[in-house]
Amino acid sequence: MKYQRSFSRNVIDSRILNALEIIVGYLGSKDLHWTVMGSLSLALQGVHINPKDIDILTDEQGALQIGALLEEYEVEPINFSRTEVFESHYGLYFIEGVKVEVMGNLRVQVDGKWVPLSSGLKFPLFVQQNSLNIPVSPLRDQLLFYEQLGREKDIETILKIREVLK
């Protein structure tokens, strides 16, 4: 079931919302599994945070399709990428001056094991702004993600998510 909630524009830069509108225009009518995650998703769900970019979570096929759809904005094409912490089919785009990262089959390394972060694709939450229906990764999923990472820099974000979930 899809749950819809309106969100406030007060903490989200208009450039990010404009870029998001372009993305939804390209992806919204396609048969793709994708969600917005990270700081923008948190802000769209009422967490007081100032997003600086757009993170899109999808599967491998979705990443390739999104890469083709957003080709005119491409900085780095979709390719498999791995760091010490993350691995995915990754591509980088700039839309309206906003950094957009696309991650297909994103996995994070936790205690030496690669853990998939795709649960939000099966049951995304939708937020609505005017005529846009935006799929977002649910707060509980994102809280688990940040907790699994165990990074010092995420402590404040974890506390903010918990506050909204109360």
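The values are calculated or read from the model by the stated rules, or taken from the named source; none is laboratory data. Keep in mind that this is a model prediction, so the values were computed, not measured. All Cβ positions, glycine included, derive from the backbone under ideal geometry; neighbour counts span all protein chains shown.
Odds and ends about this structure:
- Residue within region 137-154 that is within 19 Å of residue 31 (Cα to Cα) and touching a residue at least 12 places away in the same chain (Cβ under 8 Å) present: yes
- Residue check for residue 44: farther than 16 Å from residue 69 by Cβ, touching a Pro at 6+ places or on another chain (Cβ under 6 Å) and buried (at least 22 other Cβ atoms within 10 Å of the Cβ): no
- Here region 99-126 is the region considered, the condition is being of a type in the set (A, V, I, L, M, F, W, C) and under 13 Å from the mean Cα position of the chain (by Cα), and the residue that is modelled with the lowest pLDDT is 121.
- Residue list for region 121-166, restricted to those being aromatic (Phe, Trp, Tyr) and part of a strand (DSSP E or B): 126
- Within region 101-120, restricting attention to residues that are small (Gly, Ala, Ser) and not in a strand (DSSP E or B), the residue that is nearest to residue 40 (Cα to Cα) is 120.
- Residue match in region 121-136 (condition: small (Gly, Ala, Ser), in contact (Cβ under 8 Å) with a residue 60 or more places away in the chain and within 16 Å of residue 44 (Cβ to Cβ)): no
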